[in-house]
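The values are calculated or read from the model by the stated rules, or taken from the named source; none is laboratory data. Predicted model, so just to flag it, every value in this text is computed and none were measured. Cβ placement follows ideal geometry from the backbone for every residue including glycine, while neighbour counts extend to all protein chains displayed.
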Amino acid sequence: MTLRLYDTLSRSLKEFEPLETGVVRFYACGPTVYKPPHIGNQRTFLFNDLVHRYLEWKGYHVRFVMNLTDVEDKIIDGALRAGTTIDGLTAPVIRGFFEELRALGALEADVYPRATRHVDSMVALIARLLERGQAYQADGSVYFDISAFPDYGRLSRVDLSAVRPGERVAADEYGKADVRDFALWKAAKEADARVGAAWPAPWGTGRPGWHIECSAMSIAELGETIDIHSGGEDLVFPHHEDEIAQSEGATGRPFVRYWLHVKHLLVDGTKMAKSLGNEYTLADLLQAGHSPAAIRYLLLAAHYRSELNFTFDALHDARAALRRLLDFEERLRPAAPAQVDHASPLPQLARRARTAFEQAMDDDLNVPAALAALFTFVRETNAALDQHLAPAADLAAARQLLEDADRVLGILSLARQRVATLDPEFLAWVQQTLARREEARARRDFASADAIRASLAAAGIVVEDTPQGPRWHPER
Ligand code: AMP
Ligand code: ZN
């Protein structure tokens with residue numbers, strides 16, 4: 001079965017075929033590390049993780065690179081305001097970023113290049129652009145000449161009719177009304193040097209523009225042509241448009257074969273944005289008692305090309321859906337083998353579900369359809385189990401199906417990890433409390449047993465009595 005991906009440049013679904021057989025080169029625009037990410041950013045980062053995992057699931061060797069933007073306008077402003085250097089400002093944000101990625105179950109990238117550690121590659125790329133007549137110097141800065149790059153505007157389909165040659169924009173971020181020559185290198189201001197954001201270059205001391213950072217890091221880490229480049233939809237213009245111009249302007253080769261863009265996470269219908277202050281961070285949600293697995297479920301469950309409106313109701317629904325999967329998984333634990341003398345439908349149901357799951361994911365990573373296939377499987381299998389149609393040996397086929405799907409989704413494994421990360425003292429308390437409850441039950445003191453169960457529930461521990469004895473798990 002072949003994967004098809006929606007490519008923003010051609011505005012079409014394209015069959016995925018990497019440049020080199022079996023190997024995928026994948027670059028994702030990473031965080032701007034002046035402030036912790038919000039869960040909108042995490043939506044995009046988890047989408048990257050989904051792409052990474054699914055390509056590996058399909059058998060590709062994936063070389064996955066995510067950069068850290070650790071020098072640009074907002075970072076310099078932030079460092080100035082905090083009276084520190086850019087490294088001083090970004091170090092704790094970078095640490096927190098990695099912690100959050102781990103907490104949300106994202107697989108690690110092969111490399112996380114930092115812009116400040118790649119300035120040499122940026123200077124070299126700008127030199128190439130100057131040599132090829134795609135860029136020019138002005139007052140110690142260097143600008144990209146968009147009139148010298150005929151393909152400019154192809155990705156974002158921006159209106160070029162009002163562009164006057166030679167008009168320039170120096171800001172890292174600008175809107176479609178500002179289609180102009182953009183800065184590759186910005187002459188150092190006095191303040192830049194003060195915060196450690198000034199480097200030598202043949203055309204004068206300064207610092208790279210935001211867009212050249214990603215072109216240079218992508219080429220340095222993955223080569224001149226890569227397979228996949230991703231980011232949130234806000235990056236189409238100007239960031240990715242400018243990346244294409246810089247990279248292809250310098251190398252004369254195609255830069256990216258598939259452009260993938262994630263629609264925004266909204267709050268009350270407005271984009272969640274660090275600059276708007278309407279953001280929730282992972283830490284906010286964890287403090288409010290929500291689990292990483294439910295948050296991951298919520299952020300992955302909608303298709304990446306539809307907007308997702310964040311609400312606490314949606315988060316509760318995600319948690320309930322996740323719980324259905326976990327309860328089902330629990331039901332598949334081998335009990336005493338049932339005596340079944342007819343063929344069980346489970347292996348066939350599992351085969352069908354796997355095919356449906358893969359078809360959905362192949363269709364531009366359609367997670368909602370893939371989850372629907374899993375829930376159909378849950379329903380059908382539960383019905384078979386209710387009718388005692390499945391011998392214990394066949395439960396393995398069903399468990400295997402869940403495991404397999406979870407290598408892509410990474411949700412059940414994350415929910416399970418919670419037990420492993422519980423504090424050992426707390427774990428010991430849970431075990432002792434459970435033992436006290438068993439003693440109460442043994443002397444038929446059900447009032448005490450219920451009270452103990454309630455105190456466990458208050459601590460976030462759910463106890464379920466099964467024919468094999470009580471089982472417990474952290475609230476999901
Ligand atoms: P930033 O740290 O602002 O550079 O953003 C990191 C990534 O998050 C980029 O790929 C952005 O496009 C993406 N992003 C920013 N806001 C949102 C949002 N509300 N929903 C989804 N992705 C977003
Ligand atoms: Zn980028």
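Of all positions in the stretch 330-351, at least one carries a residue that is among the acidic types (Asp, Glu), in contact (Cβ under 8 Å) with a residue 60 or more places away in the chain and touching an Asp or Glu at 6+ places or on another chain (Cβ under 9 Å).
In the stretch 39-59, the residues that are at pLDDT 95 or above never reach a residue that is of a type in the set (S, T, N, Q) and part of a loop (DSSP other than H, G, I, E, B) with C-beta atoms less than 6 angstrom apart, at least six apart or across chains. The sole residue among Lys176, Lys186 that is surrounded by 15 or more Cβ atoms within 10 Å (Cβ to Cβ), touching a residue at least 40 places away in the same chain (Cβ under 8 Å) and of a type in the set (Lys, Arg) is Lys186. Right, Arg157: assigned to a loop (DSSP other than H, G, I, E, B), away from ligand 1 (no atom under 16 Å from the Cβ) and either of a type in the set (A, V, I, L, M) or at positive phi (or both) or not? Yes. In the set Gly232, Gly206, only one residue is in contact (Cβ under 8 Å) with a residue 60 or more places away in the chain and either in contact with a Pro (Cβ under 9 Å, 6 or more places away or on another chain) or away from ligand 2 (no atom under 14 Å from the Cβ) (or both); that residue is Gly206. For the stretch 253-273, a tally of residues being away from ligand 2 (no atom under 16 Å from the Cβ) and either in a helix (DSSP H, G or I) or touching a residue at least 24 places away in the same chain (Cβ under 8 Å) (or both) returns 13. Which of the residues belonging to the stretch 145-157 are surrounded by fewer than 19 Cβ atoms within 10 Å (Cβ to Cβ) and aliphatic (A, V, I, L, M)? Selection gives Ala148 alone.
When Ala177 is tested against the conditions (1) modelled with pLDDT of 95 or more; (2) part of a helix (DSSP H, G or I), the lone failure is (1).
For the stretch 28-40, the tally of residues that are within 13 Å of ligand 2 (Cβ to nearest atom) and farther than 20 Å from Asp110 by Cβ stands at 1. Among residues belonging to the stretch 288-312 that are small (Gly, Ala, Ser) and within 14 Å of the chain's Cα centre (by Cα), point out the one that is surrounded by the most Cβ atoms within 10 Å (Cβ to Cβ). Here the residue is Ala293.
In this structure, is Leu395 part of a loop (DSSP other than H, G, I, E, B), surrounded by 12 or more Cβ atoms within 10 Å (Cβ to Cβ) and touching a residue at least 24 places away in the same chain (Cβ under 8 Å)? The answer is no for Leu395. Elements of the type strands (runs of 3 or more DSSP E) sitting completely within the stretch 1-101 and holding at least 1 residues that are within 16 Å of ligand 1 (Cβ to nearest atom) and closer than 30 Å to Ser291 by Cβ: these cover 23-28, 61-66.
Of the residues Val463, Val430, Val408, the single one that is within 26 Å of Arg102 (Cβ to Cβ) and touching a strand residue (DSSP E or B) at 6+ places or on another chain (Cβ under 9 Å) is Val430. Could you look through the stretch 434-476, keep only residues that are in contact (Cβ under 8 Å) with a residue 24 or more places away in the chain and assigned to a helix (DSSP H, G or I), and pick out the one that is nearest to Gln287 (Cα to Cα)? Per the stated criteria, the residue is Leu456. Looking across the stretch 207-242, the residues that are closer than 22 Å to Asp49 by Cα, in a strand (DSSP E or B) and away from ligand 1 (no atom under 13 Å from the Cβ) come down to Ile226, Asp227, Ile228. In a residue-by-residue description of the stretch 364-377, the property of being in a helix (DSSP H, G or I) and modelled with pLDDT under 95 applies to no position.
State all residues of the stretch 53-77 that are over 30 Å from Leu365 (Cα atoms) and either aliphatic (A, V, I, L, M) or surrounded by fewer than 20 Cβ atoms within 10 Å (Cβ to Cβ) (or both); if no residue qualifies, say none. Of everything in the stretch 53-77, those that are over 30 Å from Leu365 (Cα atoms) and either aliphatic (A, V, I, L, M) or surrounded by fewer than 20 Cβ atoms within 10 Å (Cβ to Cβ) (or both) turn out to be Val71, Asp73, Lys74, Ile75, Ile76, Asp77.
Exactly one residue out of Ile219, Ile244 is modelled with pLDDT of 95 or more, within 16 Å of ligand 2 (Cβ to nearest atom), within 20 Å of Leu130 (Cβ to Cβ) and touching a Ser or Thr at 6+ places or on another chain (Cβ under 8 Å), and it is Ile219. Looking at (1) within 30 Å of Met1 (Cα to Cα); (2) in contact with a Leu (Cβ under 6 Å, 6 or more places away or on another chain); (3) within 16 Å of ligand 2 (Cβ to nearest atom), can you tell me which one Val24 breaks? Condition not satisfied by Val24: (3).
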